[in-house]
Every structure is written in C-alpha cells, then in structure tokens.
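The structure under discussion appears below in the form of structure tokens.
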Amino acid sequence: MRDPEWLDEDVEWALETQRWLDSLCPGCRNPRDECMDPELEGAYEAEAVRCHACTAREAAAAKAAERKPDRSVGRLISVRLSPEADEWVQQRRRGTDG
C-alpha cells in the first residue's frame, strides 16, 4: 500500500488557498467584498509604476531573441485604498465603528 500523495491537511490547505484566490478580483487582486463594495467607490488610488525586475527580464529576453525590448513590459498600475478608506476597512474587519 502506498502513502497518499496528499495528506488531508494538504488537501484542506489547497482548497482554502483556492477559496481565497477565488475571493479576489481578477483585475486588481484585491478582495472582492471590499473592492466591489459600493461604499468604497472612489476610495482607491492608482498610480503607474515600473517593475524593474520585469524590465530587466524583458531586456534579457529581447537580447537573446535579437530584437528590441518591449518597453511596455514592466509597466504596471498599482492600486490601493486611500489611507482614510483603509482605516475604515480595518475597523470594519475588527467589527468596530471607529
């Protein structure tokens, strides 16, 4: 008889991880119950940023393929709650009114 490939704890961890991933917005990866809450409309801040690691990876790939690097690789939009909204969400998570 073989040992199981997955222990019960492993299966539960994998299922819980998948439930957590399913609870995130596919666009911004924030929790759906927060980023889609009508009370938080307008509470998010976004800024264009560059991931220097992704930029370096693209430069190396372009060099290996003897092509020009794609300058759009590494450009990302970072999204976060405003500090005021973040405090409100933290209070809501704790179950307090502030």
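Points worth noting:
- Among the residues making up region 58-87, those that are in contact (Cβ under 8 Å) with a residue 12 or more places away in the chain and hydrophobic (A, V, I, L, M, F, W, C) are VAL73, LEU76, ILE77, VAL79, LEU81, ALA85.
- Residue tally, condition touching a Ser or Thr at 6+ places or on another chain (Cβ under 6 Å) and surrounded by fewer than 14 Cβ atoms within 10 Å (Cβ to Cβ), over region 33-45: 1
- Qualifying positions in region 46-64 - surrounded by 13 or more Cβ atoms within 10 Å (Cβ to Cβ) and either of a type outside the set (S, T, N, Q) or under 17 Å from the mean Cα position of the chain (by Cα) (or both): CYS51, CYS54, ALA56, ARG57, GLU58, ALA59, ALA61, ALA62
- Look at (1) closer than 21 Å to GLY27 by Cα; (2) surrounded by 10 or more Cβ atoms within 10 Å (Cβ to Cβ) and you find that SER72 fails only one, number (2).
- Among the conditions (1) outside any loop (DSSP other than H, G, I, E, B); (2) of a type in the set (A, V, I, L, M); (3) free of Cβ contacts under 8 Å to residues at least 24 places away in the same chain, the only one that ALA46 does not satisfy is (3).
- Residue identified as in contact with a Phe, Trp or Tyr (Cβ under 9 Å, 6 or more places away or on another chain) and in a helix (DSSP H, G or I) among ALA14, ALA56: ALA14
- The condition of being in a strand (DSSP E or B) and within 23 Å of the chain's Cα centre (by Cα) holds for only one of VAL89, VAL79, VAL73, that being VAL79.
Bear in mind that the values in this text are calculations on the coordinates, not laboratory data. Fair warning: this is a prediction, and the values are worked out from it, not measured in the lab. With ideal geometry, Cβ positions are generated from the backbone for all residues, glycine too; neighbour counts draw on all protein chains shown.
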